[in-house]
Amino acid sequence: MAAVSLDHALVLAAILFAIGFAGLLTRRNLIVVLACIEIMLNAAGLAFVAAGARWGQADGQVMFLFVLAMAAAEVAVGLAIAIRFRQSVKSLDIDDADKMRG
Amino acid sequence: MTALFYIAAVVAVLSTLMVVTRRHLVHALLYLVISLFAVAVVFYTLGAPFVAALEVIVYAGAIMMLFLFAVMLLNLQADSPLRVPRTAWVGPAILVAILLAEMIYGLTMETQPLAGAEVGPQAVSEALYGPYVLGVELASMLLLAALIGARHVAARTSDEEDAAASMERGRAAAGTPSSAQSPAAEEGDA
């Protein structure tokens with residue numbers, strides 16, 4: 001029974017990752033795109049923790065901590081880029097960023 | 001504990017769907033907070049209480065605070081009115097009430113984690129500062145690089161400062177009365 005639930009935790013991680021990925025592909029707002037990347041990273045961390053719980057080891061949780069640090073770094077730089085983007089392009093629509101001009 | 005897991009999983013999927021489908025940016029971010037809370041409950045049922053606490057503190061606390069700060073800095077009122085309709089709180093309130101009931105149940109009842117034995121903070125810390133200590137150092141350097149990089153990207157470049165300064169001078173030469181308060185406005189923009 002327990003093993004079945006842990007498999008279901010991996011299924012939950014896959015569902016959350018898929019939702020985040022669908023949002024990443026369909027939404028055009030830069031902030032929402034960053035939030036979808038956060039959802040996908042969180043789902044990957046959930047898969048790590050579920051696998052670690054399956055074997056009763058702490059390694060999965062350690063990996064989640066690294067995912068957490070990476071997500072924090074990514075969102076800090078991403079939001080800084082969003083602020084610059086808003087200043088230069090005057091919108092948050094990522095489709096407006098289609099011109100490779102300096 | 002199995003029931004707790006499945007209820008929290010349903011809440012997580014529902015709130016994540018709301019994040020992707022909401023048109024209003026602040027609504028999407030608040031649903032994202034609920035999604036992170038639900039995943040924290042899932043971590044708890046999996047026997048990882050330390051990671052569950054970190055999920056709430058770092059993800060739902062610090063990272064979502066960064067998002068809300070960015071929304072405030074971007075000053076989005078012009079794009080979308082930030083007025084929240086009166087019925088907007090119903091969906092999040094129901095989802096959070098489910099999570100609260102689960103949390104009270106998990107704290108008061110004697111529950112067994114799904115994996116059989118929970119891996120507590122002590123085991124995680126021993127692994128983190130034992131075999132993974134190099135990873136901790138790398139994570140600290142990554143965060144420092146992100147800090148400096150974010151400051152560098154978000155700060156105004158020297159070209160823009162020159163342009164702003166020359167505009168200032170031009171305005172002062174023309175004797176525009178608004179030149180006195182324009183530095184404050186520029187600061188607000190930055």
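Side notes on the structure shown:
- Residue check, A:GLY45 out of contact with any strand residue (DSSP E or B) (no Cβ under 6 Å at 6 or more places or on another chain) and at positive phi: no
- Out of A:PHE21, A:PHE66, one residue alone is in a helix (DSSP H, G or I) and free of Cβ contacts under 8 Å to residues at least 12 places away in the same chain. It is A:PHE66.
- Enumeration of residues in segment B:1-19 that are free of Cβ contacts under 8 Å to residues at least 40 places away in the same chain and buried (at least 22 other Cβ atoms within 10 Å of the Cβ): B:ALA9, B:ALA12, B:THR16, B:VAL19
- Listed by position, the helices (runs of 4 or more DSSP H) contained in segment B:1-76 that have at least 2 residues being of a type outside the set (Gly, Ala, Ser) and over 21 Å from A:ALA50 (Cα atoms) are B:2-21, B:25-45, B:64-74.
- Checking segment A:83-93 against the condition returns no match, with no residue being surrounded by 22 or more Cβ atoms within 10 Å (Cβ to Cβ) and free of Cβ contacts under 8 Å to residues at least 40 places away in the same chain.
- Of all residues in segment A:39-70, those satisfying the criterion of being more than 7 Å from chain B (Cβ to nearest Cβ), over 12 Å from B:VAL51 (Cβ atoms) and within 17 Å of the chain's Cα centre (by Cα) are A:MET40, A:LEU41, A:ALA43, A:ALA44, A:ALA47.
- Residues in segment B:47-58 that are crowded, with 19+ Cβ neighbours inside 10 Å and at the interface with chain A (Cβ under 7 Å from one of its Cβ atoms): B:GLY47, B:ALA48, B:PHE50, B:VAL51, B:LEU54.
- Among the residues of segment A:35-63, those identified as polar (S, T, N, Q) and part of a helix (DSSP H, G or I) are A:ASN42, A:GLN61.
- Any hit, segment A:25-34, residues being without any contact (Cβ under 8 Å) to a residue 24 or more places away in the chain and not in a helix (DSSP H, G or I): yes
- Any hit, segment A:71-93, residues being within 9 Å of another protein chain (Cβ to nearest Cβ), hydroxyl-bearing (Ser, Thr, Tyr) and more than 24 Å from B:GLU126 (Cα to Cα): yes
- Restricted to segment B:106-190, the set of helices (runs of 4 or more DSSP H) holding at least 1 residues that are surrounded by 15 or more Cβ atoms within 10 Å (Cβ to Cβ) and modelled with pLDDT of 80 or more comprises B:121-128, B:133-154.
The values are calculated or read from the model by the stated rules, or taken from the named source; none is laboratory data. Just so it is clear, the structure is predicted and the values come from calculations on it, not from any experiment. Counting neighbours? That spans all protein chains shown, and the Cβs are built from the backbone with ideal geometry, glycine included.
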